[in-house]
Structures are given as C-alpha cells and as structure tokens.
1. So, A215, is that one closer than 21 Å to G38 by Cα and either modelled with pLDDT of 95 or more or not in a loop (DSSP other than H, G, I, E, B) (or both) or not?
2. Is it fair to say V229 is more than 30 Å from G138 (Cα to Cα), in a loop (DSSP other than H, G, I, E, B) and β-branched (V, I, T)?
3. Report, by residue number, each residue of region 138-175 that is assigned to a loop (DSSP other than H, G, I, E, B), touching a strand residue (DSSP E or B) at 6+ places or on another chain (Cβ under 9 Å) and closer than 18 Å to L317 by Cβ.
4. Would you be able to say whether some residue in region 87-95 is part of a strand (DSSP E or B), modelled with pLDDT of 95 or more and either crowded, with 21+ Cβ neighbours inside 10 Å or of a type outside the set (S, T, N, Q) (or both)?
5. Is there a residue in region 100-115 that is in contact with a strand residue (DSSP E or B) (Cβ under 7 Å, 6 or more places away or on another chain), at pLDDT 95 or above, at negative phi and part of a loop (DSSP other than H, G, I, E, B)?
6. Failed condition for G39, given (1) modelled with pLDDT under 85; (2) farther than 30 Å from G190 by Cα, with all others met?
7. Got at least one residue in region 205-220 being within 25 Å of A309 (Cα to Cα), in contact (Cβ under 8 Å) with a residue 24 or more places away in the chain and among the polar types (S, T, N, Q)?
8. Could you list, in sequence order, the residues of region 176-200 that are hydrophobic (A, V, I, L, M, F, W, C), surrounded by 15 or more Cβ atoms within 10 Å (Cβ to Cβ) and not in a helix (DSSP H, G or I)?
Amino acid sequence: MTAPQPLTEAMMNEPPRTARPKPLSIGPGPAVLAFDVGGTDMKAAIVDRRGRLLESVRVPTPLDGERTGARVVEAAAALAAELGQRHPGVRPAAAGLLVPGHVDEKRGVGVFAENLGWRDFPFRERAELSLGVPVGFGHDVRGAGVAEHRLGAARGFDDVLVVTIGTGIAAAVFVDGALRTGGGLAGEIGHDRVAEGPICACGGRGCLEAVASAAAIARRYTQRTGTAVSGAREVLERRRDGDLDAAETWDGALNALALGLSHSVALLAPQAIVIGGGLAEAGEELLRPLRERLDGILTFHRRPLIVKASIGADAGLYGSALAAREVVGAAGAPAGALA
C-alpha cells in the first residue's frame, strides 16, 4: 500500500474545494413544457429528455378579472412559442400547468381563485387546444409539494406538510407517502381561522392568510403606519433596524403561523413541515422563532421538524414538469418527442 503523501505548505494554504452541485433533474423521459401560475408572476420552462430545465422565463400574471383564466392560457401559448423558437430541437410531448385557488384536478378546472378572479375555468381543455399537446393540470402548491417530496427537502418523509407562504398560504399534505387532495380542498390552511380579524379575500374573518402571508405582512404594516412598503422583505428589514411597528407586525404573523400549524400538527402528526414560498427566504429569522412558538403551543403532540424547502422558486416548475410527465410516458411519447 502506498504511504499517504505529506501535506505541503502550499496544499495547506489552498482554498477549500467544494463539490459542484448536480443540476436538479426530474429524470429521463419525454421533453415537456412547464407552466406555474402565481398570484403575481407566471413562470414557464422547457424541460429536455434528461429532465433538466433548459430555460425558464417569468412574466407578470396577466390579471384581467374574470378573463384572467383565458389570458393565462394565451400567455402560456405565447411563452411556448417563444421557448420553441429558442430550442427548435426540443419537441415537447406534453405540458404541465399549475394554478392557484380551488382546483379540481380530475376535471381539469380552476374552480375558484379569490385573488385572481376566475370561476369554473376549464384550464386543461383550453390549454390543450392552445398548446396542441396533452396537459397535466394541478394546484400550484400541491405541484410544488410533489417536487419537494420527490426531489427536495420533503423527500424521505411519509407524513409531511409542504407549506407555501407567498401571496397566499396553502399546504401540500402527504399521508403515508401519498398526496391527499380532498377533492381539491385539502391543504387550504390559509383559510384556517386564527384571529378575530381582518377580513380575508375569501369572505372569512381572521384567516391565517389574511394575517401571515407575505402580502398580508406588507399590507398590515402599511395599514398600521400609513407608510407603504414594497413587501414583507422590507418589513423584516425595518424590524432589524429597530422599527417597533415592523416588529409587532412580524411577531403577529409568526404567532398566527404557529397557531395555524399547531392545528395541522394535532390533526395529522406530520414528521416534518417544509416551508417554501417567498417568506421562506427569511430563513432562520422565520424558522427559528416559528419552531419556538409552535413548541410552546404543543403538549404531548409529535414535534415535527421545521425546515426550509430546498428547491426554491422553481419548485412549481419542477412539479409542473412532473405533472406533464404523468400524462405521457417515454414509451408512449410521439415520435421525436424525446429530442
């Protein structure tokens, strides 16, 4: 056996080497398009047969009241054409489309989205007509949750909640390793009542989403102070600078989140709660006090791990691509679709 080489001074002074992370992949299969519609932005991506996002683009969600659903489909078709022009060798066999609100995956219908304006909009049917390929349709948070469960921070847990906190609040619920949809209504924890007010966009009072979403944090600070802010990030920055109104707004949101999550813990006893969405970018400034507050509420209950989602802002795109793959497998893909 060869003796190990002694460390030289030059070697000891070398900067540490870190392994380059592998690009995230959903695995081999047909090329697909992925669309993830949010309350503020709409994202699109093209995924190759290795399962890697070749390119993604982001545009403002085309808000137009009751016509928003139709405008979303029009935007998806335009983005698909744009991506197709830049990647002419990739011919997608299917597309995935994720949208927020109450979603009926079986019928392919966006039942209701209080923040976006549509009711009973036939997304899958309209998208298939516009895109010319089969469309896997689903809920934005459940889709992102599937991606986290298969590829990210929720992987390895049978009983887990993947909670997205952004414009709204919702959760993907996994029980015994399976996604629970409840007819499109499971995981609507953003409309769990946690306070006496304010009025929520759904018509309820004191909903978690109306108190603790990123949008609500900014809105409540503005209402409290009369000072407009760009978002929850600015409220957190003001809190760091000693702004007492920002601190009270932030702490109120954390208290509401802990109370809302305690209800889910008592009901489902998850092994872990994975936090994603824009508010999760606060990292441990959010997670550490959230753990402490939740621990203070629970008694004999299972204490779940509370961790940040690992895929990040593209979780919905990966979930959308997985939904597209479900409607057409590699074996049944049309000729040339694996390019």
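1. Working: closer than 21 Å to G38 by Cα: yes; either modelled with pLDDT of 95 or more or not in a loop (DSSP other than H, G, I, E, B) (or both): yes.
When the stated conditions are applied, A215 passes them.
2. On the way: more than 30 Å from G138 (Cα to Cα): yes; in a loop (DSSP other than H, G, I, E, B): yes; β-branched (V, I, T): yes.
For V229, the condition - more than 30 Å from G138 (Cα to Cα), in a loop (DSSP other than H, G, I, E, B) and β-branched (V, I, T) - is met.
3. G152, A153, A154, G166
4. Pass one, region 87-95, residues part of a strand (DSSP E or B): 94-95.
Restricting the remaining residues to those that are modelled with pLDDT of 95 or more gives 94-95.
From what's left, either crowded, with 21+ Cβ neighbours inside 10 Å or of a type outside the set (S, T, N, Q) (or both): 94-95.
For region 87-95, residues part of a strand (DSSP E or B), modelled with pLDDT of 95 or more and either crowded, with 21+ Cβ neighbours inside 10 Å or of a type outside the set (S, T, N, Q) (or both): present.
5. Taking every residue of region 100-115 in turn, none turns out to be in contact with a strand residue (DSSP E or B) (Cβ under 7 Å, 6 or more places away or on another chain), at pLDDT 95 or above, at negative phi and part of a loop (DSSP other than H, G, I, E, B).
6. (2)
7. Yes; the residues of region 205-220 include at least one that is within 25 Å of A309 (Cα to Cα), in contact (Cβ under 8 Å) with a residue 24 or more places away in the chain and among the polar types (S, T, N, Q).
8. Of region 176-200, the ones hydrophobic (A, V, I, L, M, F, W, C) are 178-179, 185-186, 189, 194-195, 199-200.
Among the residues that remain, those that are also surrounded by 15 or more Cβ atoms within 10 Å (Cβ to Cβ) are: 179, 186, 189, 194-195, 200.
Across region 176-200, the qualifying residues are L179, A186, V194, A195, C200.
The values are calculated or read from the model by the stated rules, or taken from the named source; none is laboratory data. Keep in mind it's a predicted model, so treat the numbers as computed, not measured. Backbone-built Cβ (ideal geometry, glycine too); neighbour counts: all protein chains shown.
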